[in-house]
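One structure is given here, and the rest of the page talks about it.
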Amino acid sequence: MSGAVPDYQMTAWLMAVCWRGMDSREQTDWTHLMWKSGKSIPRQSTGDYWIDKHSTGGVGDKTSLILVPLLRTITDECLGKGRVKFPMISGRGLGHTGGTLDKLESVPGFSCRLSLQQSSKLLEQHGFFMVGQTDEIAPADRRIYALRDATSTVDSIPLIISSILSKKLAESLNGIVFDVKVGSGAFMKNQSDATELAKGLVAASKHQGLEAVALVTDMNTPIGTSIGNSVEVWECWEFLKGQRDSELEQLVIALGSHMLSLASNGKYDLKSCEALLLEALSTLKCQRTFVEMFENQNGDWHEFEKIMAKGSAEHEEIIFRAPQSGLFLSCDALKIGKWVHQRGGGRNTASDAIDPWVGAILLKKCGEKVEKDEPIARVRLRKGDWSEQVELQLAEAFQWSAQPSSKKPLIHEVIV
């Protein structure tokens, strides 16, 4: 950070790590240095429990928006008001994958650009915050990531681990649950790499004094029914009001159960946690906390509701119909994610603007029988963007079959 090491030496070192890896001690020391290149959120008390969830990124991955109000509701009631806090430093989407910050910012006025002091105040007052990385947090990670991107060393698992944990350790956590995605729409395409990353994240977290669990979960198809920033926020709102996609519910309950079990210090086992989560899902308090999650950071929820109901003046909604009859086999996460990205719902570089109103809403579940010309998706895109070519590109995301096909389990494994 002092500038004593020139970029060409740093990139040579990054390439060496990419080829040779790191042993456990090297990983621990390097992660610690990355973390300590910046500041951490100060803790006023050691009597409460701070916990976060981190996903390695995928398509339709919106679980954080549900988990924060849900767990806040339960922990206040079951473990004592204010006893558990949820500091969340989140990221932006890049390419076909979505980012939590982009979803939050689709609500007009929402601000995620807060200082550590402002974030700490929110945590003290409300028990949670949702912010982005600032110049105060792990500044070495920003500089090193730019070099990794330029030298094709992004895929190095030791460098991925240190990049993730340097920001999470700055939250001064007691515990963390990782959601490591695997499949076509994920960063990790195969099971062995995903398992290696999950084990590395858990081990490195424990070496830094955190309690940690990792779930390896499927990302061959999108999570939930919506892909795109504003439509995913709206799906979360409908989810909390009782209109739930079964796979999204399964993932929320699985991640939330591990978070609640850690925070309770073993008071509740996973089965008890699942029951508590399911009971709290439809409560008015949980819905109110969801809205507060935006309003606490200047988001205008009522304006967002109006836009979602009436639509944006610059956009239109198109019904996409089945090009053939048959069994709706699957929606490919990578292809639908790229389609939304190409329509303006994603970005190629961190500085690119994003269109929060572009997105797709799936109307059919995998395995359902569909007749030709039956509606299978609603898409929102800029007026004038719809064309025969765009329609053909969307059709490529959907797969059909004459016979039923077995689907991979949503949760592949749990690593503790």
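The values are calculated or read from the model by the stated rules, or taken from the named source; none is laboratory data. These numbers come from a predicted model, not from an experiment. Note that each Cβ is placed from the backbone with ideal geometry, even for glycine, and that neighbours are counted across all protein chains shown.
Of all residues in the stretch 87-102, those that are more than 21 Å from Val177 (Cα to Cα) and not aliphatic (A, V, I, L, M) total 3.
Being closer than 30 Å to Arg113 by Cβ, out of contact with any Cys (no Cβ under 6 Å at 6 or more places or on another chain) and assigned by TED's automatic domain parsing to the domain that holds Phe129 is the requirement here; does Thr349 meet it?
Taking the combined requirement at face value, the residue does not satisfy it.
Glu295 meets each of the listed conditions (1) over 20 Å from Met130 (Cβ atoms); (2) at pLDDT 95 or above; (3) not assigned by TED's automatic domain parsing to the domain that holds Gly384 apart from (1). Residues in the stretch 121-168 that are among the polar types (S, T, N, Q), modelled with pLDDT of 90 or more and surrounded by fewer than 20 Cβ atoms within 10 Å (Cβ to Cβ): Gln125 alone. The condition (being farther than 26 Å from Asp355 by Cβ, among the acidic types (Asp, Glu) and touching a residue at least 60 places away in the same chain (Cβ under 8 Å)) is satisfied by just one residue among Glu292, Glu235: Glu292. Screening the stretch 7-63 for residues that are without any contact (Cβ under 8 Å) to a residue 60 or more places away in the chain and either in a loop (DSSP other than H, G, I, E, B) or within 25 Å of the chain's Cα centre (by Cα) (or both) and picking the one that is farthest from Val233 (Cα to Cα) gives Asp23.
Among the residues of the stretch 274-287, is there at least one that is touching a Lys or Arg at 6+ places or on another chain (Cβ under 7 Å), surrounded by 14 or more Cβ atoms within 10 Å (Cβ to Cβ) and polar (S, T, N, Q)? Checking the stretch 274-287: at least one residue is touching a Lys or Arg at 6+ places or on another chain (Cβ under 7 Å), surrounded by 14 or more Cβ atoms within 10 Å (Cβ to Cβ) and polar (S, T, N, Q).
Determine, yes or no, whether Ser325 is crowded, with 16+ Cβ neighbours inside 10 Å and either closer than 30 Å to Lys408 by Cα or assigned by TED's automatic domain parsing to the domain that holds Val59 (or both).
No.
Once the stretch 214-228 is narrowed to residues that are of a type in the set (S, T, N, Q) and part of a loop (DSSP other than H, G, I, E, B), the residue that is surrounded by the fewest Cβ atoms within 10 Å (Cβ to Cβ) is Asn220.
With respect to the conditions (1) in contact with a helix residue (DSSP H, G or I) (Cβ under 8 Å, 6 or more places away or on another chain); (2) part of a helix (DSSP H, G or I); (3) crowded, with 17+ Cβ neighbours inside 10 Å, Lys181 falls short on a single one, namely (2).
Given the structure, is Glu274 of a type outside the set (Ser, Thr, Tyr) and closer than 20 Å to Thr73 by Cβ? Here the answer is yes, as Glu274 does meet what is asked. Please determine, by comparing only the residues of the stretch 189-213 that are of a type in the set (S, T, N, Q) and assigned to a loop (DSSP other than H, G, I, E, B), which one is nearest to the chain's Cα centre (by Cα). Per the criteria, the residue is Asn190.
Within the stretch 372-395, take every residue that is in contact (Cβ under 8 Å) with a residue 24 or more places away in the chain and loosely packed, with under 13 Cβ neighbours inside 10 Å and give me the one that is nearest to Gly256 (Cα to Cα).
Pro375
Does Asp61 satisfy the condition of being under 21 Å from Ile161 (Cβ atoms), crowded, with 17+ Cβ neighbours inside 10 Å, acidic (Asp, Glu) and assigned by TED's automatic domain parsing to the domain that holds Lys167? Yes: the conditions hold for Asp61. Restricting attention to the stretch 332-362, the residues being surrounded by fewer than 18 Cβ atoms within 10 Å (Cβ to Cβ), part of a loop (DSSP other than H, G, I, E, B) and of a type outside the set (Ser, Thr, Tyr) number 4.
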